1. In the stretch 95-110, which residues are within 13 Å of the ligand (Cβ to nearest atom), touching a residue at least 60 places away in the same chain (Cβ under 8 Å) and assigned to a helix (DSSP H, G or I)?
2. So, of the residues in the stretch 387-419 that are hydroxyl-bearing (Ser, Thr, Tyr) and part of a loop (DSSP other than H, G, I, E, B), which turns out to be nearest to Leu338 (Cα to Cα)?
3. If the requirement is being of a type outside the set (A, V, I, L, M), closer than 30 Å to Leu420 by Cα and not assigned by TED's automatic domain parsing to the domain that holds Asp279, which of these qualifies: Lys25, Lys61?
4. Within the stretch 350-377, how many residues are under 17 Å from Tyr195 (Cβ atoms) and either at pLDDT below 95 or not in a strand (DSSP E or B) (or both)?
5. Which one of these is in the same structural domain as Ala17 (by TED's automatic domain parsing) and surrounded by 21 or more Cβ atoms within 10 Å (Cβ to Cβ): Leu380, Leu354?
6. Can you say whether Glu130 is charged (D, E, K, R), away from the ligand (no atom under 16 Å from the Cβ) and either touching a Cys at 6+ places or on another chain (Cβ under 6 Å) or outside the structural domain of Arg365 (by TED's automatic domain parsing) (or both), as far as the supplied structure shows?
7. State all residues of the stretch 124-172 that are part of a strand (DSSP E or B) and closer than 19 Å to Phe200 by Cα; if no residue qualifies, say none.
8. Please verify whether the stretch 79-94 includes one or more residues that are over 17 Å from Val314 (Cα atoms) and assigned to a loop (DSSP other than H, G, I, E, B).
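The values are calculated or read from the model by the stated rules, or taken from the named source; none is laboratory data. In this text the structure is predicted, and so the values were computed from the model without any measurement. Don't worry about glycine lacking a Cβ; one is built from the backbone with ideal geometry, like all the others, and counts go over all protein chains shown.
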Amino acid sequence: MNQFQHDLSQARAFDAADRLFEYRKRFHIPVIDGKEVIYFTGNSLGLQPKGVKAAIDQELKDWADWGVEGHFHAKNPWFSYHELFTSAAAKLVGAQENEVVMMNGLTVNLHLLLTSFYRPDGKRFKILTEKKAFPSDQYAVESQIELHGLKLSEALVEVGPRAGSELIETEDILAAIEEHGDELACVMIGGVNYYTGQVFDMKTIAAAAHKVGAYCGFDLAHAAGNVPMQLHDWGVDFACWCTYKYLNSGPGSISGAFIHEKNGVDQNLPRMAGWWGHDKSERFQMAPGFKAIPGAEGWQLSNAPVLAMTPHKVALEMFDEVGMDTLREKALRLSDYLMFEIDRISSKLSSGRLEIITPRDHAARGSQVSVVAHGFGKPLFDILTKEGVIADWREPNVIRMAPVPFYNSFEDIYRFAEILEKACEA
Ligand SMILES: *Cc1c(COP(=O)(O)O)cnc(C)c1O
């Protein structure tokens, strides 16, 4: 039996019963023409937590008051600033504290990790990835192959959807891993596909990669802060994520990296090294000879970009307060409700069709719902935008929406459905 109706009072009752509802007030919701927008692009740039400004002001003040002494005397000493994130970031991705570190941008981290975990050696030289991955990931993987002097046509294995589908079957990924077997050096795919919102079965994929002797890592750009994960228990070798999408930490903000303990303790694992990854007790001796900090911290290059990291501190505290399980529960209800409304509207259309390409199965999706608007074009999306809906349009006719549990309400979805239904009729 369907639990949802198209009914404003039902949506409001869901909001009234929602223990996360209060969190909406802790974010800046953009206002256009005097009205709060319906913000469905938290998968692209999460909204600003209201605490960010005061937190940045604190760092500016400490810089003004202390100058270089702020490294030790700031309220949050900059020397060890990255350590403020360790506990919450570890919980976020299901890691041990020595397995995570915040540093750099996402694509930078992807390169750093591939440098350590994609090391073609004789017969074992291939890397497996998802077809039509986010472009930056494609470029990173392709350029890594070329850096090793290998040919894309020989070293790159891409697994794509079957004909007529947008989704990639786990079965097909496993078959490809099996097929390339001992020629495979590394498996690196997105934890959640940015286009369809499909969540990959990371545990099963990692196990299959290990069975053939390959390393396995994930780009968690669309997974971190969206779906709960257990990277340590799943035995994932490495992972990285950005913090400006579901993690609400500001445009281009700091990235996270995960290196499983079994790899992190190996101080001889090849890597691109920098002084911030060097043994802390000796860092300021400025002596030759790199000695890696055991664990993920040993992959750091530079000292922490404190001003860029501060918003993440504020945002991560909220995730820590609430926990991924609570967020996940609401995310699934919001997206179930959104799917109900899209199906309802589609079934009433006299021409055209709204096809949800995101998997319906809870285990295979996060917050995002991607819809192919058959028989509609950009004008449909333009009406949505004009009516105050901020969503994402991909040519020729795909709309991506990500209701986010921290700040989207059930009423947002009801109001969106009203707008979408009228726009489809127009
Ligand atoms: C958003 C996203 C990126 C963006 O990379 P940056 O280095 O942060 O600019 C890369 N890969 C994936 C899969 C993404 O979703």
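1. Result: Leu106, Val108, Asn109, Leu110.
2. Ser409
3. Numbers: Lys61 fails: closer than 30 Å to Leu420 by Cα.
Result: Lys25 is the single residue among Lys25, Lys61 that is of a type outside the set (A, V, I, L, M), closer than 30 Å to Leu420 by Cα and not assigned by TED's automatic domain parsing to the domain that holds Asp279.
4. 8
5. Numbers: Leu380 fails: surrounded by 21 or more Cβ atoms within 10 Å (Cβ to Cβ).
Sole residue among the options that is in the same structural domain as Ala17 (by TED's automatic domain parsing) and surrounded by 21 or more Cβ atoms within 10 Å (Cβ to Cβ): Leu354.
6. Working: charged (D, E, K, R): yes; away from the ligand (no atom under 16 Å from the Cβ): no; either touching a Cys at 6+ places or on another chain (Cβ under 6 Å) or outside the structural domain of Arg365 (by TED's automatic domain parsing) (or both): yes.
Spelling it out, it is not the case that Glu130 is charged (D, E, K, R), away from the ligand (no atom under 16 Å from the Cβ) and either touching a Cys at 6+ places or on another chain (Cβ under 6 Å) or outside the structural domain of Arg365 (by TED's automatic domain parsing) (or both).
7. Step one: of the stretch 124-172, the residues part of a strand (DSSP E or B) are 124, 126-130, 156-159.
Answer for the stretch 124-172, where residues must be part of a strand (DSSP E or B) and closer than 19 Å to Phe200 by Cα: Ile127, Leu128, Thr129, Glu130, Val157, Glu158, Val159.
8. Residues of the stretch 79-94 that are over 17 Å from Val314 (Cα atoms), as a first pass: 79, 93-94.
Cutting the leftovers down to assigned to a loop (DSSP other than H, G, I, E, B) gives us 94.
Within the stretch 79-94 (the criterion being over 17 Å from Val314 (Cα atoms) and assigned to a loop (DSSP other than H, G, I, E, B)), the answer is yes, since at least one residue qualifies.
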